[in-house]
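Please treat every number below as a calculation from the coordinates, not as lab data. Owing to the predicted nature of the structure, the values given are computational and were not obtained by experimental measurement. Cβ placement follows ideal geometry from the backbone for every residue including glycine, while neighbour counts extend to all protein chains displayed.
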Amino acid sequence: MQANDPIATIRAFIAAWNRRDRAALARMLHPDAVCEGVCLPPPGRNREESLNLFDPFLAADELDWRILNIAASGRSVFTERLDRFRYKDMPWTEIRACGYFELDDQGRITAWRDYFDRAECLAAMPAAS
């Protein structure tokens, strides 16, 4: 984590997603982090609940999340992304997403809200998810 560089922190967070590195994602979250896919309630209200929300996405065989635009204001970071997934026996699918992150003074994520089209997200996931 880059406590003094919020953009670097979020770039590292997205890189951890691409590696499907749940342990690294956990280290980057504050214990009381609130993570929410705005169109997919309920939010995770702490680190463990948030990680449980991540699991269906981390179940992909491959992830290729691409940051298209990123900006910071203080310890708040905004991203525009193209989140690509490849699940077993499925072609690559993608979701257009905008994310808002808040970081504490140690560079840990305290809040993450992702905005995306629900139908696009559900179409990208295996039917069992």
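Relative to the longest principal axis of the Cα atoms of the chain, the long axis of helix 47-58 lies at roughly 40 degrees. What is the range 1-108's relative contact order, in percent, from Cα pairs under 8 angstrom and six or more apart in sequence? Once normalised by length, the contact order is 26 percent.
Want the number for D89 to R113: 0.36 nm per residue separation, take away the alpha-carbon distance, what's left? Walk me through the numbers on the way to the answer.
Values: separation 24, 0.36 × 24 = 8.64 nm, distance 2.96 nm.
Gain on stretching D89 to R113: 5.7 nm.
Using only side-chain charges placed at the Cβ, +1 for Lys and Arg and -1 for Asp and Glu, the dipole size of the chain relative to its Cα centre rounds to 160 debye.
Packing order of peptides 39-45, 15-21, highest average first: 15-21, 39-45 (average count of other Cβ atoms within 10 Å over each peptide's residues).
For the chain, adding -39500 (n - 2.57) for each run of n ≥ 4 DSSP H residues and dividing by the number of residues yields -9000 deg cm²/dmol at 222 nm.
Computed from Cα atoms, the angle from the helix 6-19 axis to the main principal axis of the chain rounds to 30 degrees. The GNM of the chain, with springs linking C-alpha atoms under 10 angstrom apart, assigns the highest mean-square fluctuation among W112, W92, W65 to W92.
Shown here for the range 73-122: trypsin sites (Lys or Arg not before Pro) in loop regions (DSSP other than H, G, I, E, B) with at most 12 other Cβ atoms within 10 Å, namely K88.
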